[in-house]
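Each remark here refers to the structure printed beneath this line.
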Amino acid sequence: MGINRVLFKLLGTASLSIGAVIIVFLFSEQQVHRNNAFTRRYPPHPVVKTYNLDIGYNSYYVAGWDTDFLYLGNSTAPWHLLRVDLGTRDTVHIRMEPLNKGLRYRSLETRVLPPYFYIMDGTMPFILRGTIGDWKAAPWMEETAFFNRAIPIDSNHLFIRTISSQTQRSALGIIQQTDSFYIRLDTTLLETQLDGIFDVDGMLVQSGDGMYLGYLYFYRNIFIVLDSKMENPKNQRTIDTVEQGQIQVAEANSHDQIQLQAPPLIVNRSGAMDGNLFLVQSDRLGRNESKSMLDQASIIDVYNHQRGTYEFSFYLYHIRKNKVREFAIRGAYVIALIGDQLSVYRTGKAYFDQTTNTEETTGL
Amino acid sequence: MICYKFPQKQSSINLTHESMKVHAVHKKHLITAIVVLFIFLFVYAATSKLMDFQQFTIQLSQSPVLTAYANEAAWGIPVVEYFLVILFVFNEFRLWALYGSFALMVMFTTYIALVINFSDYIPCSCGGVLENMGWTEHIVFNLFFVALAVIGILRLESSDPTQ
């Protein structure tokens, strides 16, 4: 048999094999990203990038704001805090300290809400609190409640997500400090579709003015808006069409762990709130949107939760193939953490100044 | 589909013939070594997958490439690997088995290349010691076996007496 004929057969086999895998891959990509049932609006320049700032590490997260100061916490250096003056681009490295030197912790998260900063570990559980400027964290709450997410609402309230001991499901709640601490859980807010843990997973958000709290489901097209007392809940649908979370949970394995059986379809990646606006980061493409755009930018959809409307969308651009890890909005700024860079955008007044709302809030 | 016609029977008879030439002995040993390596690889890979079948199924279904076909693939991959081992055992089917192994290793390599370059996250679904390999090492490892298959195929095909 001729060598050419053998090479031809080898090449044929290789092409068929490679082709088959690529086709299967493209098909699954298509399923994840394409949804022609909704259409986005991209008005010209709702946000304009002013600069990128090199912050040196990709482990920063948004810890809080103090007017034009943005505070970034660091997940690998939990006692370190970076303060960025968004106007002057000055950065200050801050070292926080616990008063209790022998403190034991597993995973710390810092939040800054003037005049205090909070260092929290929901697995121990404890919360330390100190004042901005002094940066010494004193024990504040201990062993009142476990939680897996928490954000301070004001100097004596925290918005948390925890697992209710009654229902064994995720629930939203408020930790309140009066003479002592007590927590109030509302097990009705998160609506179970499957198991009440995985399927309701999402993100706590809060508006900068402290008026509203929110919860963004990751796997369904819904976010919840609440007032600062966690009352008057209002569910709003996003423009996406996935109402039922597409997620599968496996049977417990031999180690008694429960795992996700398949990659869940992430409808909402992350969210942020400002005044009446609810911003949602989504990787899902609508009608007439080009797939290549997702390689260059992350899509942010803007909703008005008081009117219950979708307003518009805009892009936050990737930097050197790094995607937006987290974004936040406050006043005139939209910021995004991308790799080891901080992207700072200015918001266009015409688009974002929707806080003066003349319409009445319609019921619950 | 493309159909191949192989004159394996003649070639294997030729190889086991007593009066073969010296270079044919080398050929035979080289091919035997390649066959043994493949048998070892596939028996090991398939068995370690089946030993922790539930974990393997979950890992596959978490893979961004195979999500929709995870259950079929979880059975299919070990079955194909065992099937190739059986083909390797019989001299008449060694060439078929080599082509099959070549196709399978090319598919695995393509899969890894796609996952590394185009996927948002990287799951692992390899069994045993292979689990501890980095993705680059994995590609090198796969390419090594692709090369083995190619060498085996070229040798077997060229030992065809009709050439």
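Points to keep in mind about this one:
- For the residues A:F218, A:F181, A:F126, a GNM of chain A with alpha-carbon springs under 10 Å puts the largest fluctuation on A:F181.
- Exposed GluC sites (Glu not before Pro) absent - longest run of chain A, DSSP non-H/G/I/E/B, at most 11 other C-beta within 10 Å: A:1-142
- In chain A, the DSSP-assigned H stretches of four residues or longer account for a calculated mean residue ellipticity at 222 nm of -3500 deg cm²/dmol, using -39500 (n - 2.57) per stretch and the full residue count as denominator.
- Three-way shape label, region A:137-274, alpha-carbon gyration tensor, a/c 1.5: oblate
- Coarse-grained scattering of region A:3-352 at q = 0.09, 0.12, 0.13, 0.15 Å⁻¹, given as base-10 log I(q)/I(0) from a Debye sum over alpha-carbon atoms: -0.55, -0.94, -1.10, -1.42
- Peptide A:5-14 - average C-beta neighbours from other chains (10 Å radius): 5
- Take each peptide in B:142-149, A:269-276, A:344-351, B:103-110, count the other Cβ atoms within 10 Å of every residue, and average; sorted highest first, the result is A:269-276, B:103-110, B:142-149, A:344-351.
- For A:T50, residues with placed amide H under 5 Å, excluding near neighbours: A:V344, A:Y345, A:R346
- Mean partner shielding of peptide B:53-60, defined as the number of other chain Cβ atoms within 10 Å of each residue Cβ, is 3.
- Listed pairs B:K28/B:K49; A:K136/A:K349; A:K291/A:K349; A:K49/A:K321; A:K323/A:K349 exceeding 28 Å between Cα atoms: B:K28/B:K49; A:K136/A:K349; A:K291/A:K349
- Look at the stretch B:105-116: the mean tally of other chain Cβ atoms within 10 Å of its residues' Cβ atoms is 4.
- Take the Cβ atoms of B:I151 and A:E231, set R0 to 60 Å, and the FRET efficiency comes out at 0.25.
- Under the Debye formula (equal points on every Cα, no solvent term), log10 I(q)/I(0) of region A:27-136 at q = 0.14 Å⁻¹: -0.70
- Cα-based shape type of region A:206-364, given that a ≥ b ≥ c are square roots of the gyration tensor eigenvalues and the cut on a/c is 1.5: oblate
- Beta bridges per DSSP with both ends in region A:3-352, % antiparallel, nearest 5: 95
- Taken along the Cα-to-beta-carbon direction at a fixed 7 Å, the label points for B:F144 and A:Y61 span 4.0 nm.
- Ordering A:211-217, A:9-15 by mean Cβ neighbour count within 10 Å, with the highest value first, yields A:211-217, A:9-15.
- For region A:3-352, relative contact order (Cα pairs under 8 Å, six or more residues apart, normalised by length) works out to 16 percent.
- Acute angle (nearest 10 degrees) that the helix A:3-33 long axis makes with the longest principal axis of chain A, alpha-carbon atoms: 30
- Candidate aspartates and glutamates - alpha carbon under 14 Å from A:K9, same-chain residues fewer than 8 apart omitted: B:E157
Each value in this text was obtained by applying a stated rule to the coordinates, not by laboratory testing. All values derive from a computational prediction rather than experimental measurement. Neighbour counts run over all protein chains shown; Cβ positions are idealised from the backbone, glycine included.
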